[in-house]
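**Student:** Following this message is one structure expressed as structure tokens.
The values are calculated or read from the model by the stated rules, or taken from the named source; none is laboratory data. A quick note: this is a predicted structure, and the numbers were derived from the prediction, not measured. We place every Cβ from the backbone using ideal geometry, glycine too, and count neighbours over all the protein chains shown. Just so you know, the surface numbers come from the protein's heavy atoms only, side chains and all, with ligands and any DNA or RNA stripped out. Shrake-Rupley method; radii C 1.70, N 1.55, O 1.52, S 1.80 Å.
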Amino acid sequence: MELLEKILVQHPFLKDLEQKYVQLMVGCASNVRFDSGTFIYREGDEANYFYILRAGKVALEIHDGGRETITIETLGEGDVLGWAWLVPPYRRHADAQALELTRAIALDGKCLRDKCRDDHNLGYELMMRIVPLITHQLQATQLQLMDVYGVKK
Amino acid sequence: MSESLANPLLPAPYRVLRNQRNTHDVFTLDVEPVKKGNSPLFSPGQFNMLYIFGKGDAAISISGDPTKEQPLRHTIRRAGVVTQALEQVKPGGVLGIRGPFGVPWPVKEAEGQDVLLVAGGIGLAPLRPAMYTLLANRDKYGRIALFYGARTPEDLLYLSDLEQWRGRFDLQVCVSVDTAKRNWMGDVGVVTKLIAKASFDPSNTVALVCGPEIMMRFSVQELKKNEIKSGNIFLSMERNMKCAVGFCGHCQYGPHFICKDGPVFRYDQVQSLLGKREV
Ligand SMILES: Cc1cc2nc3c(=O)[nH]c(=O)nc-3n(C[C@H](O)[C@H](O)[C@H](O)COP(=O)(O)OP(=O)(O)OC[C@H]3O[C@@H](n4cnc5c(N)ncnc54)[C@H](O)[C@@H]3O)c2cc1C
Ligand code: FES
């Protein structure tokens, strides 16, 4: 438990989070590892966990039926994987595959949602950390859709 | 003195030595003056006007190594009439060149500081001479990092340079593409995300940024979030050019003429113009 707390405190995602909240989160946390090639989750799966990445590399992938799979983002040390646990209907929007041995702290989304319901300040703190991730992904998607490196027509 | 320096409006004939393909729509031309003599010296970030007689001209940055004696080098992306014609020129063919023109990257001024190069797409071409110069004088700089974003892995330029730079212990090189198929093991995501992961001393860092304007805007946001001062961020701007010497006004950008006041600007010089629809 102490080790988990230490890892969480040092992760950029939880920078400056009050210790009492970190301790609350530890109650929902576990250490996990994924071998290279493992799917951490698949599109449409229930979003039960999110992951604070400590080492390794994860690809977020989308596919269109028979067509080839496209990687839309890679995440690594210092990143957070998956925010769908906080937004109904709590379903994954993409596949997440470990590209190399990946170590992470898994946080149980349901457990955390319950804690946020009991303590709105914790909910606020988490929202303030998750919303920038969603905004970042929105901006990145906009840039990708604009095909900024393509020749202007 | 070369003819083009004597009269900046008169193109001098250059012979193509090599036309090398970089990607499906990017190629690099090596040229030398038809009249014997060396190509004019250039500074990193400067550009030439390349002429295809009967078709027109295009501003193209010099992408070679200013610290070595080598043919004059330009890396060009096929966009329209002139660049398509340039793509067709075979070794032995002749084209016209005027230049070099423009304000270069502040490579000398950056001595003693950390230097970040942020490149998007063809924007790596104008930054490559800066990288060569930094590496030729490696001990004069602090940390050096290159963040390079491209559309897909197939669009990455200068693979052998990238490989060599990545192998160095005194240089951080991060490459990211917008999308990739599953066989790509590198990073995927916007180039700005790489900046957040770099280690540099924000109070003593110079950032050189070159790429599509929107990518430069987002890069500046990220650099500023990382506390790099506006006065230490430099951008290379692009507009259509004709005379390239401040006569015709074609390249006007607010109060600036990009050909003679730029193409490299300090961010705070162009801050109020960036992102405006028509400037
Ligand atoms: C200082 C400077 C340095 C440059 N360096 C390089 C370089 O190293 N390599 C390279 O491939 N290109 C470079 N460019 C861009 C290059 O000048 C244009 O792509 C070229 O002029 C297009 O000419 P074209 O006749 O082939 O296409 P056109 O038929 O003129 O245009 C094709 C499309 O490209 C757009 N376009 C044309 N010129 C520009 C421009 N200057 N900026 C943005 N969009 C443009 C047009 O709006 C049109 O949609 C540079 C431009 C400047 C101003
Ligand atoms: S191109 Fe003529 S003024 Fe700049």
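**Student:** Might you let me know whether the stretch B:44-54 holds any residue that is in contact (Cβ under 8 Å) with a residue 60 or more places away in the chain, more than 22 Å from B:Thr133 (Cβ to Cβ) and within 16 Å of ligand 2 (Cβ to nearest atom)?
**Tutor:** Yes: the stretch B:44-54 contains one or more residues that are in contact (Cβ under 8 Å) with a residue 60 or more places away in the chain, more than 22 Å from B:Thr133 (Cβ to Cβ) and within 16 Å of ligand 2 (Cβ to nearest atom).
**Student:** Next question, about the same structure. Quick one: which residue in A:Asp119, A:Asp147 is more than 17 Å from B:Arg182 (Cα to Cα), out of contact with any strand residue (DSSP E or B) (no Cβ under 7 Å at 6 or more places or on another chain) and within 14 Å of another protein chain (Cβ to nearest Cβ)?
**Tutor:** A:Asp147
**Student:** Name the residues in the stretch B:166-199 that are open to solvent by 50 Å² or more (accessible area, probe 1.4 Å), more than 7 Å from every other protein chain (Cβ to nearest Cβ) and in contact with a Ser or Thr (Cβ under 9 Å, 6 or more places away or on another chain), would you?
**Tutor:** Of everything in the stretch B:166-199, just one residue is open to solvent by 50 Å² or more (accessible area, probe 1.4 Å), more than 7 Å from every other protein chain (Cβ to nearest Cβ) and in contact with a Ser or Thr (Cβ under 9 Å, 6 or more places away or on another chain), namely B:Gln172.
**Student:** Testing B:Pro66 on (1) modelled with pLDDT of 95 or more; (2) in a loop (DSSP other than H, G, I, E, B), one condition comes back false. Which one is that?
**Tutor:** Here B:Pro66 clears every test but (1).
**Student:** Looking at the stretch B:225-246, which of its residues are within 14 Å of another protein chain (Cβ to nearest Cβ) and within 16 Å of ligand 2 (Cβ to nearest atom)?
**Tutor:** B:Glu238, B:Arg239, B:Asn240
**Student:** Just to be sure I understand, how many residues within the stretch A:48-92 are hydroxyl-bearing (Ser, Thr, Tyr) and within 19 Å of A:His136 (Cβ to Cβ)?
**Tutor:** Counting residues in the stretch A:48-92 that are hydroxyl-bearing (Ser, Thr, Tyr) and within 19 Å of A:His136 (Cβ to Cβ) gives 3.
**Student:** Here's a check for you: in the stretch B:43-81, which residue that is surrounded by fewer than 18 Cβ atoms within 10 Å (Cβ to Cβ) and within 14 Å of chain A (Cβ to nearest Cβ) is farthest from ligand 1 (Cβ to nearest atom)?
**Tutor:** This residue is B:Arg78.
**Student:** Would you mind stating whether B:Val94 is over 27 Å from A:Val148 (Cβ atoms), outside the structural domain of B:Lys224 (by TED's automatic domain parsing) and open to solvent by 10 Å² or more (accessible area, probe 1.4 Å)?
**Tutor:** Judged against the criteria, B:Val94 is a match.
**Student:** Quick check on B:Gln113: is it away from ligand 1 (no atom under 16 Å from the Cβ) and farther than 18 Å from B:Leu157 by Cβ?
**Tutor:** Judged against the criteria, B:Gln113 is a match.
**Student:** Would you list the strands (runs of 3 or more DSSP E) that sit entirely within the stretch B:90-161 and hold 2 or more residues that are free of Cβ contacts under 8 Å to residues at least 60 places away in the same chain, under 21 Å from B:Leu235 (Cα atoms) and touching a Leu at 6+ places or on another chain (Cβ under 9 Å)?
**Tutor:** Qualifying strands (runs of 3 or more DSSP E): B:144-150.
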